[in-house]
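Report on the structure given below.
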Amino acid sequence: MARANAAYYAGQDPFRDFTTAPEITQAFGEVLGAWAGIVWQTMGKPDPVLLVELGPGRGTLMRDALRAVQKVLPPFRAAVQVHLVEASPRLREQQRTAVPEAAAAWHDSLDSVPRSAPAVILANEFLDALPIRQFARRGAGWTERWVEKGRFVERPAEAPAADARVEGAPDGSVLEVGQAALAVAAQLGARVAREGGAALLLDYGPSRSAPGESLQALRGGRPADPLLDPGTADLTAHVDFAAAARAGVAAGAAVHGPAPQGSFLVRLGLMQRVFALARQARDPAGTAAQVEAARRLVEPTGMGSLFKVLALCHPSLPSPPGFEDA
Ligand code: SAH
């Protein structure tokens, strides 16, 4: 999955196969920019502060966030140093156009993002692209799935360690372990606990760890066979938010959420912003597009409830915006 997705993001235009919240309406990046600015204020307005994004895609979220904070919170904009974690050279080029910030810096991973200042870190639909392992219960034991010559094969394996789902898992059940995503959650937790700041993770997956398979491939916007022509389809898996929260706490961070994306965005004022954009639209089609965008992001039948939002914060910070009673 790691190699297939690296090839996919480096070689294809992923936005032919799927769309994401920042591509649906500019209001998404704008309210997340405001979120970052409010958190920065509660941090005591450090200058400089790093604004980091993991997997920025076309750079749309960061572009919209920076434009919004320039307008509503110029001192935050002035303090911000932008760092983008992006593996794909092709997407880096698009991000350079969207975020023409002379000082923006690109990184292959979080490891090289400087630790010299506190950070506000955003990641939308990043963790779901990271590789997972799948374990299957077979009788009294467990197997792990591997890919060999284009097919899944199962080999005997130890049960996933320290995983409450193992106990009582019925024969045939499948457990997914998102080791790479959990490593990122641990790294973010350690970072905000040590250097200060907060990380906001938005993705799709359940609030509670559960058995089940979620690996999926999308090609041309349609479900596809994940093993067919590796590197030509987008591979994703649900994010185990409960496990990500535990990893963040173990690393020293305070955790808020996971909250459903819909209620989180409504609390941040997404609807007001979308309706303002709808009123400013040049034609009825533009107005309708904004209203439709809001519906898609917020309603439970769209991205409002399958998508979750999790914040990992320095323990001294108050509950960040959008999590007030989540
Ligand atoms: N956040 C964007 C894009 C989501 S697609 C949006 O909401 O539109 C996933 C993004 O993560 C892409 O930019 C992809 O190139 C990047 N990515 C995937 N795996 C990565 C990895 N292992 N390291 C760094 N970036 C990665």
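The values are calculated or read from the model by the stated rules, or taken from the named source; none is laboratory data. Everything quoted here is computed from the prediction, not taken from an experiment. Don't worry about glycine lacking a Cβ; one is built from the backbone with ideal geometry, like all the others, and counts go over all protein chains shown. Note: areas computed on protein heavy atoms with side chains; ligands, DNA, RNA excluded. Shrake-Rupley method; radii C 1.70, N 1.55, O 1.52, S 1.80 Å.
Points to keep in mind about this one:
- Those residues of segment 107-149 which are free of Cβ contacts under 8 Å to residues at least 60 places away in the same chain, within 16 Å of the ligand (Cβ to nearest atom) and open to solvent by less than 30 Å² (accessible area, probe 1.4 Å), in sequence order: H107
- A68 vs. criteria buried (at least 22 other Cβ atoms within 10 Å of the Cβ), in a helix (DSSP H, G or I) and small (G, A, S): yes
- Sole exception among (1) touching a strand residue (DSSP E or B) at 6+ places or on another chain (Cβ under 7 Å); (2) farther than 25 Å from A193 by Cβ; (3) of a type outside the set (A, V, I, L, M); (4) modelled with pLDDT of 95 or more for D17, by number: (4)
- Segments classed as helices (runs of 4 or more DSSP H), wholly inside segment 229-326, with at least 3 members that are aliphatic (A, V, I, L, M): 241-250, 270-280, 284-298
- Figure legend. Inter-residue proximity from segment 208-228: first residues among the acidic types (D, E), second residues surrounded by 11 or more Cβ atoms within 10 Å (Cβ to Cβ) and assigned to a strand (DSSP E or B), beta-carbon distance below 6 Å, spacing 6+ or different chains. Indicated pairs: E213/V174.
- Selection status of L61, aliphatic (A, V, I, L, M), in a helix (DSSP H, G or I), near the ligand (Cβ under 8 Å from one of its atoms) and under 22 Å from A293 (Cα atoms): yes
- Residue within segment 221-228 that is within 16 Å of the ligand (Cβ to nearest atom), in contact with an Asp or Glu (Cβ under 9 Å, 6 or more places away or on another chain) and closer than 22 Å to Y9 by Cα present: yes
- From the list P14, P22, P46, the lone residue that is open to solvent by less than 40 Å² (accessible area, probe 1.4 Å) and away from the ligand (no atom under 15 Å from the Cβ) is P46.
- Residues within segment 71-93 that are open to solvent by 20 Å² or more (accessible area, probe 1.4 Å) and touching a Ser or Thr at 6+ places or on another chain (Cβ under 9 Å), tallied: 1
- Some residue of segment 253-273 being within 15 Å of the chain's Cα centre (by Cα), of a type in the set (S, T, Y) and either open to solvent by less than 30 Å² (accessible area, probe 1.4 Å) or under 26 Å from L182 (Cα atoms) (or both): no
- Residue pairs meeting the criteria (Cβ under 8 Å; at least 6 apart or on separate chains; first without any contact (Cβ under 8 Å) to a residue 60 or more places away in the chain, in segment 18-32; second of a type in the set (D, E, K, R) and in a helix (DSSP H, G or I)): G29/R63; G29/D64
- Failed condition for V192, given (1) over 28 Å from R295 (Cα atoms); (2) out of contact with any Leu (no Cβ under 7 Å at 6 or more places or on another chain); (3) away from the ligand (no atom under 16 Å from the Cβ): (2)
- Here D229, D234 are screened, and the one residue that is in contact with a helix residue (DSSP H, G or I) (Cβ under 8 Å, 6 or more places away or on another chain) and acidic (D, E) is D234.
- Within segment 108-159, being part of a loop (DSSP other than H, G, I, E, B), among the small types (G, A, S) and closer than 19 Å to L182 by Cα holds for S109, A159.
- Residues satisfying the stated conditions in segment 26-43, i.e. closer than 18 Å to T287 by Cα and within 12 Å of the ligand (Cβ to nearest atom): F28
- Contacts under 6 angstrom Cβ, first residue in segment 60-83 being among the small types (G, A, S), partner modelled with pLDDT of 95 or more, 6 or more apart: A65/G29; A65/L32; A65/G33; A68/E30; A68/G33; A79/D47; A79/P48; A79/V49
- For segment 94-106, taking the residues that are away from the ligand (no atom under 11 Å from the Cβ) and not in a helix (DSSP H, G or I), the one that is surrounded by the fewest Cβ atoms within 10 Å (Cβ to Cβ) is identified as A102.
- Residue within segment 74-83 that is under 23 Å from E195 (Cα atoms), assigned to a helix (DSSP H, G or I), small (G, A, S) and over 20 Å from the mean Cα position of the chain (by Cα) present: yes
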